[in-house]
């Protein structure tokens with residue numbers, strides 16, 4: 001697994017979709033999600049050559065710290081915590097069960113951090129189905145993981161927001177995809193395409 005390639009593809013996908021993420025966040029948030037994710041992605045891309053000798057776990061940890069220090073709003077701590085937990089929990093050569101177990105622990109860490117729950121129109125509504133998909137394994141897993149991320153992201157449009165800034169809109173947030181969920185889907189899609 002070439003971690004540098006996966007990170008480059010994932011961060012570039014976020015950068016390439018900055019306008020979409022901004023538009024999504026303008027509809028139900030404060031409009032800065034796209035710019036924040038681009039800032040964090042560019043910071044990771046700039047540091048990536050210096051991490052070339054690091055293990056996958058150390059690279060994920062360094063990425064998590066970079067997210068926390070460069071991405072504004074709630075996204076920095078959330079994505080940073082996800083990456084830090086994955087860096088701590090993944091073994092050297094993870095299989096799909098290892099990925100599912102590490103993601104479960106990362107979801108728990110993010111849940112503690114944000115006090116959010118499944119069904120509140122947050123990125124947890126993508127991460128939880130992804131974790132279950134990974135845990136189930138089976139044929140064509142990479143393609144199914146990608147489709148799960150995309151479908152789960154789109155499904156957030158039908159969830160009423162009860163956490164975060166979007167919760168102030170109540171029913172008016174319906175019909176809009178959660179920006180954090182879209183970021184997760186963009187990351188997962190890029191990683192799956194690069195595998």
Normalised contact order of segment 36-145, rounded percent, pairs of Cα under 8 Å and 6 or more residues apart: 21 percent
Structure-based [θ]222 nm, the chain - -39500 (n - 2.57) summed over DSSP H runs of at least 4, per residue, nearest 500: -22500 deg cm²/dmol
Projected area, mean over directions - segment 78-188, Cα convex hull, nm²: 6.5 nm²
Value of relative contact order over the chain, rounded to a whole percent, pairs C-alpha under 8 Å and six or more apart: 24 percent
Paired Rg and Dmax values of the chain, which use every Cα atom, in angstrom: 15.5, 49
For segment 29-100, the Rg and Dmax computed from alpha carbons only, in angstrom: 13.0, 40
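No lab work stands behind these numbers, since they all come straight from the coordinates. In this text the structure is predicted, and so the values were computed from the model without any measurement.
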